[in-house]
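Below is one structure, written out as C-alpha cells; comments come after it.
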Amino acid sequence: MNDIDPALDLRARRTDPIHEELAEIERTWLSPPGFFGWFTHVNHTSIGLRFLVTSFAFFLIAGLLGLAMRLQLVTPLNDFLGPETYNQVMTVHGTAMMFLFAIPAVEGVAIYFVPLMIGARDLAFPRLSAFGYYIYLIGGTVFFASLFVGMAPAAGWFNYVPLSGPEYAEGRGVDIWVTMITFIEVSALTAAVELIVSIFKLRAPGMSLNRMPIFVWAALVMAFMIMFAMPSVIVASAMLTMDRLVDTQFFNPDLGGSPLLWQHLFWFFGHPEVYIILVPALGIVTTIVVTFTQRSVFGYTALVLAIVGVGMVSFGLWVHHMYATGLPLLGRSFFQAASSMIAIASGVQIYCWIATMWGARIRFDTPMLFVLGFFAIFVTGGLTGVMVASVPFDRQVHDTYFVVAHFHYVLVGGAVFPLLAGLYYWFPKVTGRMLHERLGKWSCGIAFVGFNLTFFPMHQLGLEGMPRRIYTYLPGLGWDFLNQLATVGAFVLAAGFALTFWNVFRSLRAGDAAPANPWHAPTLEWATTSPPLNCNFAEQIVVRSDQPIWDWERTGRRAVVGGMRIDRRETIVTTLLDARPQSVQILPTPTPWPFYSAVVLSVCFFGLIFSPWFYVAGIFGAFATFVFWFLPRRRSEVI
C-alpha cells in the first residue's frame, strides 16, 4: 500500500500520457458501444442506472393512471371510466407502483451506489444483475401492454382469491399478473444476492462493519428481507397459476383449499415489502442529513440496530392486514403488539436525525428540503399506522379511504420523497452536472402541497365511510367536496413531479458542470470522478474511518492498494468483519447471454399462459443460454 495526494484529479490523469496504466485499465473496464453493445453491458453503473430510468418511466405511466382514477371520482355517478376499466386501471396502478417502481427504484440506487460506497470496482456477479434487469424490463413491459390490448387484470394489486380464481376472473389478465409478479421477484432476488455478497466480501480494505455507511447497512438489510419475503409470494403466485391453468384447488374451500392461504402467503411478503421499500429510503435520508449538517450521525450503532430491528419485526406484522378475516382474538393481539412495536425502531431513527441536526448550520438545498418534507409526511403516516394497528379501530376503517390515505403517506412520504432527495443529491455524481436549484425547490414545495391536498382529505373520507376500490358513488353522501379537493391536489402533485422531470431533462443538456464533491460529502462515492470511471476507482482505496473523505482532509493523505493487474477486471476480496485483504476476484467481461436467457425465460413463462409446450421448449432453450453464459472465452476469465 502507498500514499497518494487526495487532491489528485483522476479525470486529468486519464488523458495524461504519464499515466498510461489508467487509460489501459479504463479500456479493460469499458462497456461496448452502440445499439448491440447495449445488450452486453454488465457494469453495475450501467445496470443500476437502467433500473432507475425504467422504474421512473413506469412511475410516470402509473401516475397517469392514478390521475385517471381521480378524474373518475371527482363527481358522483361519473362515467369517465366504466367499472371494468376502472378496476383494470386501479389494479395496474397499484401493482406498478409497488412492484415496478418502488422496489426496483431502491434496488437501482443500491446497485449503482453500494459498490462506490464500499470502494469496490463492481458487484460480485455482474452478469446476474444484468439478467435481473432484463427480466424486470420484459415483465413490466408486458404487464403495461396488457392494459392497452384489453388483457389487464382487474382483481386489485393484492389479487385476492376467489376474485382472482378461474371462476370469477376469466381471460388472461390474472395469468399475466401472476407471471409478471414471478418475474419481478426473480429480478429482486438476483439483486439481493448481488448486494449481500458484495457488501460482505468486496468492501475496501479497512472498511470494517462498524465503518460502513448507513446506506450500505440499509441496502444489506433490504437484501436479506428480499431473500426471506419474496419466496412467499412466488409460491402464492405459482399456486394460483396452477389453480387457473391445470385445475388444482389450493384456494377452493369446497375441495379442501383455503382462500385465507392466499392472504397469509401474500401478506407475509406484502407487509415486509413496505419496509423493503422504506429501509433503503431511510438510508438515503441519513446520508443526506449527515452531509447537509456536516456532522457525524448521532447514534450510529442505534441507527444500525433500528434498521435491523425494522427488518426483523416487519416479518411479524402480516396479519395486520387480516384483522377482519375472523382470526382468533388472541392471535390478533400479538400482531397488534408487533404492529405498534415497529414504531419504536422508526422513532429511534427520527430522534437520531433530530439530534444530528440539532444546533447544526443546516444547508437548505433541494435534497435537504425533500428530506424535511419526508419527515412531515412519514411521521403523519406513522401515526395513522399506529392507529390502524389497533384491532378495534382497524375493523372500523378497514377497506375505507382512511387506509388509502395511510398507505400513501407511508409509501409516498417514505419512499418517493427520499428517492427524489437522492435524485437531487446524486445527480451530479451520475451525470457530472448539477440540477437547477430553483426548479428543485419549486418542485419540492409544489409536490409537498399537492401530496397533502390529495391524501389528507382521504382520512376524513374514510372516517365518513367511503369504501376504497369503488369506481363511483351516489350523490348526497357528503363525499363530493373532499373528492374534488383530492383530485385538484393530485394534479398539483403531478405538476410538482413534472418540474423535477423537466429539471432532469434540462440539466442533462445544459446543466452546470458539477464540482468534484459539490455537497462536501464524507462517503467514498465522491472519491472518484463524476460520472465515475469505468473501473470506479483507479486504485482501490484503504479506509481508516467511517468518513474517509473528511478523514483525508484532516490528515492530508490517503492510502491505496497497489499491484492490481490492468489487463483484466479485478477487484479485492476482503474478510467479512474487519475487511482485511484476502484475495483478488476476477470479474467477467460483457456478454449478451444474460439478455438471451431473459428473453427465452420470458417466452417460456408468458407462453405457458397459452400453451404448456412453450414451457417445455423454453426450459431447454434457457438451459442452452445458461451454458453459453457460464462458458469462459479465455483461460483467465472467471464467471
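The values are calculated or read from the model by the stated rules, or taken from the named source; none is laboratory data. The structure displayed is predicted, hence computed values, not measured ones. Reconstructed Cβ throughout: ideal geometry from the backbone, glycine too, with neighbour counts over all protein chains shown.
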Do you know which residues across the stretch 474-490 are within 29 Å of the chain's Cα centre (by Cα), of a type outside the set (A, V, I, L, M) and either over 19 Å from GLY413 (Cβ atoms) or not in a helix (DSSP H, G or I) (or both)? THR487
Which one of VAL114, VAL142 is modelled with pLDDT of 95 or more and within 30 Å of GLU194 (Cα to Cα)? VAL114
Would you call VAL310 buried (at least 18 other Cβ atoms within 10 Å of the Cβ), of a type in the set (Val, Ile, Thr) and at pLDDT 90 or above? yes
Criterion (β-branched (Val, Ile, Thr) and surrounded by fewer than 20 Cβ atoms within 10 Å (Cβ to Cβ)) met by exactly one of THR190, THR179, THR248: THR248
May I ask you to verify whether PHE417 is within 26 Å of PHE158 (Cβ to Cβ), in contact (Cβ under 8 Å) with a residue 40 or more places away in the chain, buried (at least 21 other Cβ atoms within 10 Å of the Cβ) and touching a Gly at 6+ places or on another chain (Cβ under 6 Å)? yes
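Taking the conditions exactly as written (in the same structural domain as LYS429 (by TED's automatic domain parsing) and within 25 Å of TYR168 (Cα to Cα)), does PHE99 satisfy them or not?
Numbers: in the same structural domain as LYS429 (by TED's automatic domain parsing): yes; within 25 Å of TYR168 (Cα to Cα): yes.
Against the criterion (in the same structural domain as LYS429 (by TED's automatic domain parsing) and within 25 Å of TYR168 (Cα to Cα)), PHE99 qualifies.
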Where the second residue is of a type in the set (S, T, N, Q) and in a helix (DSSP H, G or I) and the first is outside the structural domain of TRP550 (by TED's automatic domain parsing) and lies in the stretch 198-215, which pairs have Cβ atoms under 9 Å and are six or more apart or on separate chains? ASN210/THR301; PRO213/THR286; PRO213/THR287; ILE214/THR286; ILE214/THR287; PHE215/THR286; PHE215/THR287
Please find, within the stretch 13-69, the residue that is modelled with the lowest pLDDT out of those that are more than 22 Å from GLU570 (Cβ to Cβ) and assigned to a loop (DSSP other than H, G, I, E, B). ASP16
Go through the residues of the stretch 450-473 one by one and say whether even a single one is β-branched (Val, Ile, Thr) and in a helix (DSSP H, G or I). yes
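For the stretch 357-367, check the following and say yes or no: at least one residue is assigned to a helix (DSSP H, G or I) and within 25 Å of the chain's Cα centre (by Cα).
Pass one, the stretch 357-367, residues assigned to a helix (DSSP H, G or I): 357, 366-367.
When the remaining residues are screened for being within 25 Å of the chain's Cα centre (by Cα), the result is 366-367.
Scanning the stretch 357-367, I find at least one residue that is assigned to a helix (DSSP H, G or I) and within 25 Å of the chain's Cα centre (by Cα), so the answer is yes.
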Would you point out the residue of the stretch 162-176, among those that are among the hydrophobic types (A, V, I, L, M, F, W, C) and surrounded by fewer than 23 Cβ atoms within 10 Å (Cβ to Cβ), that is farthest from GLU273 (Cα to Cα)? ALA169
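Could you please find all residues in the stretch 562-576 being over 33 Å from the mean Cα position of the chain (by Cα) and either of a type in the set (A, V, I, L, M) or modelled with pLDDT of 85 or more (or both)?
Quick first cut of the stretch 562-576, residues over 33 Å from the mean Cα position of the chain (by Cα) only: 562-567.
Within the stretch 562-576, MET564, ARG565, ILE566, ASP567 qualify.
Please determine, by comparing only the residues of the stretch 306-328 that are outside any loop (DSSP other than H, G, I, E, B) and without any contact (Cβ under 8 Å) to a residue 24 or more places away in the chain, which one is farthest from PHE407 (Cα to Cα).
Pass one, the stretch 306-328, residues outside any loop (DSSP other than H, G, I, E, B): 306-316, 318-321, 323-325.
Filter again for without any contact (Cβ under 8 Å) to a residue 24 or more places away in the chain, leaving 312, 316.
Values: MET312: 21, GLY316: 18 Å.
The residue in question is MET312.
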Can you tell me which of (1) within 24 Å of the chain's Cα centre (by Cα); (2) within 29 Å of THR325 (Cα to Cα) is the one ILE199 doesn't meet? (2)
Looking only at the stretch 384-393, decide whether some residue is surrounded by fewer than 17 Cβ atoms within 10 Å (Cβ to Cβ), touching a residue at least 24 places away in the same chain (Cβ under 8 Å) and assigned to a loop (DSSP other than H, G, I, E, B). yes
Can you tell me which condition THR529 does not meet? The list is (1) assigned by TED's automatic domain parsing to the domain that holds ASP79; (2) among the β-branched types (Val, Ile, Thr); (3) in a loop (DSSP other than H, G, I, E, B), and all the others hold. (1)
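Matching residues to (1) within 30 Å of SER296 (Cβ to Cβ); (2) buried (at least 19 other Cβ atoms within 10 Å of the Cβ); (3) of a type outside the set (Val, Ile, Thr):
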position: GLY316; (1), (2), (3): no, no, yes
position: THR325; (1), (2), (3): no, no, no
position: PHE335; (1), (2), (3): no, yes, yes
position: GLN349; (1), (2), (3): yes, yes, yes
position: ALA355; (1), (2), (3): yes, no, yes
position: ILE362; (1), (2), (3): yes, no, no
position: THR366; (1), (2), (3): yes, yes, no
